[in-house]
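See structure below.
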Amino acid sequence: MATAKSTTIITAVQDHDLRQRAVAIAAQEGVPLPEAEVAQRIYELVTAPVDDQGNTVASVYEYASTRREEAIAAIPPAPGADPAAITDAHLAYAIRARLAPKPSTPTEATVEPTA
């Protein structure tokens with residue numbers, strides 16, 4: 001039997017999408033006034049079992065949240081924020097090529113006429 005943390009129960013209760021889906025399913029299941037019933041009994045709903053192993057809506061929510069956090073953590077940063085993608089050396093090279101002042105080339109000294 002999986003037991004969810006109290007913080008997960010609170011998060012599941014406050015999840016607007018989950019609540020809206022529960023209202024829709026309650027309506028499909030013939031619950032009179034499904035929105036009011038879900039709102040009144042949401043804590044009971046998220047702590048209710050979902051299978052024979054004793055998992056609850058909240059414990060499955062916790063598992064899904066963990067998987068999502070892992071997937072998000074695996075996403076690399078945006079290219080501009082990722083110094084491994086576009087390195088400082090890349091930027092310095094491009095800046096030297098296009099923006100930095102060019103070294104002046106020596107020119108022949110101008111000889112002023114003497115009187």
Residue check, GLY54 against (1) modelled with pLDDT of 95 or more; (2) over 17 Å from ILE25 (Cα atoms), all met but one. Which one? (1)
Could you please find all residues in region 52-85 being surrounded by 11 or more Cβ atoms within 10 Å (Cβ to Cβ) and part of a loop (DSSP other than H, G, I, E, B)? GLY54, ASN55, ASP82, PRO83, ALA85
Only listed residue being touching a helix residue (DSSP H, G or I) at 6+ places or on another chain (Cβ under 7 Å), surrounded by 12 or more Cβ atoms within 10 Å (Cβ to Cβ) and at pLDDT below 95, chosen from ALA26, ALA22, ALA2: ALA2
Go through region 1-51 and give me each residue that's closer than 19 Å to ALA64 by Cβ and in a loop (DSSP other than H, G, I, E, B). MET1, ALA2, THR3, ALA4, LYS5, ASP15, THR47, ALA48, VAL50, ASP51
First in region 68-93 and closer than 30 Å to THR8 by Cβ, second anywhere and of a type in the set (Asp, Glu) and surrounded by 10 or more Cβ atoms within 10 Å (Cβ to Cβ), Cβ under 7 Å, 6 or more apart: PRO76/ASP82
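Could we say that ALA39 is modelled with pLDDT under 95 and either open to solvent by 70 Å² or more (accessible area, probe 1.4 Å) or farther than 15 Å from ALA4 by Cα (or both) here? Lay out the reasoning, then the answer.
Details: modelled with pLDDT under 95: no; either open to solvent by 70 Å² or more (accessible area, probe 1.4 Å) or farther than 15 Å from ALA4 by Cα (or both): yes.
It is false that ALA39 is modelled with pLDDT under 95 and either open to solvent by 70 Å² or more (accessible area, probe 1.4 Å) or farther than 15 Å from ALA4 by Cα (or both).
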Quick one: how many residues across region 86-100 are assigned to a helix (DSSP H, G or I) and either aromatic (Phe, Trp, Tyr) or open to solvent by 80 Å² or more (accessible area, probe 1.4 Å) (or both)? 7
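The values are calculated or read from the model by the stated rules, or taken from the named source; none is laboratory data. What you are looking at is a predicted structure, and each value in this text was computed from that prediction instead of being measured. All Cβ positions, even for glycine, are placed from backbone atoms using ideal geometry, and neighbour counts span all protein chains on display. Just so you know, the surface numbers come from the protein's heavy atoms only, side chains and all, with ligands and any DNA or RNA stripped out. Shrake-Rupley method; radii C 1.70, N 1.55, O 1.52, S 1.80 Å.
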